[in-house]
Amino acid sequence: MKALTYLTVQDILWTNLRVTGNVQTYRFADLEEATYYQYAYGGSSDVLRQAERFLTGFAAKAPLGKANEATAFVGFVAFLRLNSYDLNLGDDTAAGIFGKAKGTGWISDLVSPVEDHHGEGKANVRAAITSVLNDYAGTIKSLSSNS
């Protein structure tokens, strides 16, 4: 099995900068913990469960001064895309994802596997984040006003 690709704390800070247009304050220990919700204990090989945990955990921890939900959403979709999945929600309905995020297993009906277009090379995390920012601009704007 191919090793998973993760977003770093720096990737999350860059995402938040792109979402808000400004550098925000943050609590570093909480930001680091929230970012690490992408990982699982043990083997760390269940992309969908780890994505669920990241989305809900990051939003709940809210380590950033502004736009925690929007930043969590972008990171969530980018993590999925970097690991050969994509969200089956359009920009007009994706903001409701936090209403669906209860317990575990809720993500299964909302994603589909995609062909691995990263091959054996290094995944381009910034390109994945940028693609989410472009594809879900309305969702990000809506989620930014919520948090």
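Here is a list: 30, 11, 46. Which entry is in contact with a Pro (Cβ under 8 Å, 6 or more places away or on another chain) and of a type outside the set (Val, Ile, Thr)? Reasoning before the result, please.
On the way: 11 fails: in contact with a Pro (Cβ under 8 Å, 6 or more places away or on another chain); 46 fails: in contact with a Pro (Cβ under 8 Å, 6 or more places away or on another chain).
Exactly one residue qualifies, and that residue is 30.
Screening residue 95 on (1) among the small types (Gly, Ala, Ser); (2) more than 19 Å from residue 24 (Cβ to Cβ); (3) open to solvent by less than 10 Å² (accessible area, probe 1.4 Å) shows it passes everything except condition (3).
When the stretch 35-45 is examined, which residues are found to be part of a loop (DSSP other than H, G, I, E, B) and touching a Leu at 6+ places or on another chain (Cβ under 8 Å)?
The first filter runs over the stretch 35-45 and keeps only residues part of a loop (DSSP other than H, G, I, E, B), leaving 39-45.
Of everything in the stretch 35-45, those that are part of a loop (DSSP other than H, G, I, E, B) and touching a Leu at 6+ places or on another chain (Cβ under 8 Å) turn out to be 44, 45.
Residues to consider are 48, 31, 13; find the one that is without any contact (Cβ under 8 Å) to a residue 24 or more places away in the chain, surrounded by 14 or more Cβ atoms within 10 Å (Cβ to Cβ), under 14 Å from the mean Cα position of the chain (by Cα) and part of a helix (DSSP H, G or I).
On the way: 48 fails: without any contact (Cβ under 8 Å) to a residue 24 or more places away in the chain; 31 fails: without any contact (Cβ under 8 Å) to a residue 24 or more places away in the chain.
Checking each option against the conditions leaves just 13.
Here residue 127 clears all of (1) out of contact with any Asp or Glu (no Cβ under 8 Å at 6 or more places or on another chain); (2) more than 18 Å from residue 15 (Cβ to Cβ); (3) without any contact (Cβ under 8 Å) to a residue 40 or more places away in the chain except the condition numbered (2).
Remark: pairs (first residue in the stretch 80-95, small (Gly, Ala, Ser); second residue open to solvent by less than 30 Å² (accessible area, probe 1.4 Å); Cβ separation under 6 Å; 6+ apart in sequence or on different chains) = 94/136; 94/139; 95/139; 95/143.
Consider the stretch 56-115. How many of its residues are of a type in the set (Asp, Glu) and farther than 16 Å from residue 143 by Cβ?
Pass one, the stretch 56-115, residues of a type in the set (Asp, Glu): 69, 86, 91-92, 109, 115.
Of the ones still in play, those that are also farther than 16 Å from residue 143 by Cβ are 86, 109, 115.
Number satisfying all stated conditions: 3.
The values are calculated or read from the model by the stated rules, or taken from the named source; none is laboratory data. Values in this document were obtained by computation on a predicted structure and should not be read as measured data. Note: ideal-geometry Cβ built from the backbone for every residue, glycine included; neighbour counts use all protein chains shown. We work out accessible area using only protein heavy atoms, side chains counted, and drop any ligands, DNA or RNA first. Shrake-Rupley method; radii C 1.70, N 1.55, O 1.52, S 1.80 Å.
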